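Here is the structure we will look at, set down as structure tokens.
The values are calculated or read from the model by the stated rules, or taken from the named source; none is laboratory data. In this text the structure is predicted, and so the values were computed from the model without any measurement. Counting neighbours? That spans all protein chains shown, and the Cβs are built from the backbone with ideal geometry, glycine included. In case anyone asks, the SASA skips ligands and DNA or RNA and just uses the protein heavy atoms, side chains included. Shrake-Rupley method; radii C 1.70, N 1.55, O 1.52, S 1.80 Å.
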Amino acid sequence: MAEPSAGSVPPTEPPVETPTAEGAEDGASTSKKAAKKAEAKAKKEAEKARRAAERAAAASSSGTAAQAEDLAKENYGQETHETKLSPNSVEVTLKEISEEHVGKTVELRAWIQNSRAQGAKMVFVELREEGNWTIQGIAAANPEGAPVSRQMVKWVGGINPESFVVVEAVVQKPLEPVKSCKVSYFELHITKCFVHAPAPTMLGMTLAAANKPIANFSDEEAPVEQAVEKLSIAPAGEASAIPAASMLTHLDNIVMHKRAPVQQAIADIRIEVKDLFRSFLKSKGFKEFEPPCLIGAASEGGANVFRMPYFEKEAFLAQSPQFYKQFEIAGGRKRVFCIGPVFRAENSNTPRHMTEFTGLDMEMEIKKDYHEVMHMLEDVLLHIFRGIKERCAEEIALVRSVYPSEDFLLPEPGKEVRLTFAEGQKLLREEGPEEYRDVSDEEDMSTPQEKALGALIRKKYKTDFFVLDKFPDSARPFYAKEDPANPRVTNAYDFFMRAQEILSGGQRINDPVELEARIRKKGVDPNSPGIKEYVDVFRQAGVPAHGGGGIGLDRVVAWYLNLPSVHLAAYYPRTPKRLLP
């Protein structure tokens, strides 16, 4: 039988199998199995959902119950008049805590510096008091919920940094010293914590930023207010990566500026300088007095004076207590001193100048020679330098951790460096930089000259403290006494720290005829308001020979610590561009 040719016969459909009875039974069995599987799966999912719902309900119920049963709710929160601490708690400051307090309940008032939660049951806090005294506190939840519950732990961990709190705690010894805290051998196990004064969530400047060095500027022409904020380059998370704020930012956030440990250390050193000045002079027979700040005429006879209306007259802010120191000597005192504000209307926007500063002034009778006064001033300053080194070692170290500096070098006893102004200029001409090879003995020094001379003296004599005597007549006011042997110079001196002037002084003219002649020589009218009254004091009765000096307290502190700006040594610096805060 012949095969059909290709394409001549249409293709046939595949054969369709007719199911048999046995095949039908197999299909039904498969469907039942699938249905059973789906049913089992649905039951499983339903059971899962039921259990999840039970767990959620249990958690919700547990949370509500726990909230309702917060047995520590009376031990934390905002302080009110109803806040009660244990009657047996002892009030302490951090510097007082010692072995005798271990195991005892104490009461502390401090700032929350920072906090760190460790799970839901424990939080570590750092508490800070004045003077950078810090201690670690721990709030750990008690299984029974009292005196510390989980809710209390969470609340304590959420207190904003720099909030002021009242804490009741048991003093304990940590397993290891807490190196990050000043009080490292004790810790506080907190049982009560109340916020006395909350801090805002966002601070204008953090404590860490406030405790960093301000943006530095070395030029006289660079005003503080133009200092640009700098960012230190450091790995993320490191303290040094915190931006260094400008002085402007510091003063705009004065509270955090003053809370910074470095600023408190500077302030403490300043306090000691004043105390050492006062105590030394009192031990030498000096009497303290209080000169006025409001005066009727410019005390220095110059233009750099603040004027103001005074009823129907004009008044001035004192540029110096100079006249009043001399009035005290004329009034019968042999030795006097005063500490108070001095005002200078100088439009100098530099890190060395302020329009208001604190003066440490003294005046004394001269028995034989004006160098008696110069040596007394030397002695008081050396007493201050040695005193703060001994009394403030910890504060100095803290300041240097922020503003690194070399030790302030002092001359050996009996080897104080005293040069005449002409000798200082000669040293500059012979050994100084090229630009100072032609400096004059009859013109006052510029700031760069002072710094160059200071560098030479430090290298040559190994000291940061020295005296220049016999200043030229052109560089001294009308009340400075001329040297009888050489009228071109005066019996006047300046003292220097780290090549910067911190004191001016000398012998004053005590004879009214000589005084009037010198006033005229300086181009001042002796009959002008204020000047006439000054001269008349010496006509009223015989006044002994006398001399003294005025020290800038802010500069002594700033230059001893080698700070980048004298403004850091002032409580509230006043500059031509700054009257607040």
**Complete:** By accessible area (1.4 Å), largest first, Met122, Met364 order as Met122, Met364
**Message:** I need to check one value: relative contact order of region 440-579, counting alpha carbon pairs closer than 8 Å and at least 6 residues apart, in percent.
**Reply:** 19
**Request:** Take every Cα pair under 8 Å in the chain that's 6+ residues apart, average their separations, divide by the length, and report that relative contact order as a whole percent.
**Result:** 11
**Message:** Placing unit charges on C-beta atoms (Lys and Arg positive, Asp and Glu negative, everything else neutral), compute the dipole magnitude of the chain about its Cα centre in debye, rounded to 20.
**Reply:** 980
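Compare Lys179, Lys325, Lys258 by solvent-accessible area with a 1.4 Å probe and give them largest first, with all protein chains kept in place.
Lys179, Lys258, Lys325
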**Request:** Under 19 Å Cα to Cα from Lys48, which lysines show up? Leave out anything in the same chain fewer than 8 places away.
**Result:** Lys36, Lys37
**Message:** So I have [x] 176; [y] 389; [z] 225, and one of them is volume of the Cα convex hull per residue in Å³ calculated from this model. Which one is it?
**Reply:** [y]
**Message:** Using +1 at the C-beta of Lys and Arg and -1 at the C-beta of Asp and Glu, which of Pro147, Pro413, Thr350 has the Cα lying farthest in the positive direction of the dipole of the chain?
**Reply:** Pro147
**Asked** Hey, what do the phi angles of region 113-125 turn into as Karplus ³J(HN,Hα) couplings, whole Hz, using 6.51/-1.76/1.60 and θ = phi - 60°, x for Gly and Pro?
**Response** 8, 6, 9, 8, 7, 10, x, 8, 10, 8, 9, 9, 10
**Item:** Lys, Arg +1 and Asp, Glu -1 on Cβ, resulting dipole of region 421-484 about Cα centre, debye, nearest 20
**Value:** 420
**Asked** Where does the chain land at 222 nm, in deg cm²/dmol rounded to the nearest 500, when only DSSP H runs of n ≥ 4 count, each adding -39500 (n - 2.57), divided by all residues?
**Response** -10500 deg cm²/dmol
**Leading residue at positive end of dipole, the chain (Cβ point charges), from Tyr479, Thr575, Tyr560** = Tyr560
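Give the carbon-plus-sulfur fraction of the accessible surface of the chain in %, rounded to a whole number; probe 1.4 Å, heavy atoms of protein chains only.
For the chain, the apolar C and S fraction of the accessible surface comes to 53 percent.
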**Complete:** By the C-alpha gyration tensor axes a ≥ b ≥ c (rounded if a/c is under 1.5, else prolate when a/b exceeds b/c, else oblate), the shape of region 288-384 is oblate
**Item:** Cα shape, region 488-581, gyration tensor, a/c 1.5 rule
**Value:** prolate
**Fill in**
Which of Lys95/Lys258; Lys284/Lys459; Lys182/Lys274; Lys426/Lys470; Lys389/Lys415 exceed 23 Å between C-alpha atoms? The answer is Lys284/Lys459; Lys182/Lys274
**Prompt:** With helices defined as uninterrupted DSSP H runs, which ones in the chain have an alpha carbon span along their own long axis of at least 27 Å and mean Kyte-Doolittle hydropathy of at least 0.0?
**Reply:** 261-283
**Asked** How large is the accessible surface per residue of the chain, computed with a 1.4 Å probe and reported in Å² as a whole number?
**Response** 53
